[in-house]
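Enquirer: Quick one: this structure, given as structure tokens, is what I'll be asking you about.
The values are calculated or read from the model by the stated rules, or taken from the named source; none is laboratory data. Just so you know, these numbers come straight off a predicted model, no measurement behind them. Note that each Cβ is placed from the backbone with ideal geometry, even for glycine, and that neighbours are counted across all protein chains shown. SASA here: full protein model, heavy atoms, side chains in, ligands and nucleic acids out. Shrake-Rupley method; radii C 1.70, N 1.55, O 1.52, S 1.80 Å.
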Amino acid sequence: MSDAETEAKLSEIDRQLVWQGFKQMMPLAAFVVVFGAAFGLAAVQVGLDNPLIFFMSATVFAGVAQFAVLDLWGAHLPIITLAMTVFAINARHLLMGATLYPWLRHMPTTRRYGVMVLASDANWAMTMQALARGQAGFGLLLGGGLALWLSWVLGTVLGTYFGGAFQDPRRYGMDMVMGCFLLAMVADGPKNSRMLVIWGVAATSSLLAHRYLANNSHVVVGALAGGLVGAIWTEEKDDEH
């Protein structure tokens, strides 16, 4: 079977894989409910109306970016600053799409964008792991994304009405859940010198940017630095050593 045929086979989606991805993501999604509730409470305190809060969570589905928007919210919205901040925070999605493109290109356009609309850090990492094992992963991307999206919206609704109970999730260490999950995905992924250098460069660049550059720029800098190393040092070159 050629590489193109293999990629096309791994890009298949069925209901069983979607349901499997949904179930696999539910333990993490339970923590997302808490952060959604924290956002709902914060949005109410800023002065947003409930319908607008629900609409934002349902259509934007980007926790950190939504919190950043609240910091800028006021009688006169700084549209350009707001747009640049949201782009900087979510720039990593450009690289997510790029890493998945070898498989996405075999899908019809409508399905391709329909699957990617719910992509986030956690279900992207889970999908990449499945693809690295030679398993179809886009059912996991869609199913996991649905679990996270539903939990985020549910949490937002709860936060607008019962937000006091979720006022400070960091107090209980819940802000570390997503980071620990992604770290576990990395640790369980390919282990070779190439991946070590890529993650090392990305982490170092991100930390330096966080220390010396503007707010949220570390997301873009880390992603671009790691992506550049990965583009220069291809898997074929790594295999030769």
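Enquirer: Based on this model, can you work out whether His106 counts as assigned to a helix (DSSP H, G or I) and not β-branched (Val, Ile, Thr)? Walk me through it before giving the result.
Expert: Numbers: assigned to a helix (DSSP H, G or I): no; not β-branched (Val, Ile, Thr): yes.
Considered against the rule, which asks whether it is assigned to a helix (DSSP H, G or I) and not β-branched (Val, Ile, Thr), His106 comes out as no.
Enquirer: Take the stretch 119-149 and flag every residue that is of a type in the set (A, V, I, L, M, F, W, C), over 15 Å from the mean Cα position of the chain (by Cα) and part of a helix (DSSP H, G or I).
Expert: Matches in the stretch 119-149: Ala130, Leu131, Ala132.
Enquirer: Hydrophobic (A, V, I, L, M, F, W, C), open to solvent by 60 Å² or more (accessible area, probe 1.4 Å) and modelled with pLDDT of 85 or more, is that true of Met26?
Expert: Here the answer is yes, as Met26 does meet what is asked.
Enquirer: Assess whether Val46 counts as being touching a residue at least 12 places away in the same chain (Cβ under 8 Å), over 21 Å from Met126 (Cα atoms) and open to solvent by 20 Å² or more (accessible area, probe 1.4 Å).
Expert: Considered against the rule, which asks whether it is touching a residue at least 12 places away in the same chain (Cβ under 8 Å), over 21 Å from Met126 (Cα atoms) and open to solvent by 20 Å² or more (accessible area, probe 1.4 Å), Val46 comes out as yes.
Enquirer: Would you confirm whether any residue within the stretch 223-236 is open to solvent by 60 Å² or more (accessible area, probe 1.4 Å), at pLDDT 75 or above and β-branched (Val, Ile, Thr)?
Expert: The answer is yes; a qualifying residue exists.
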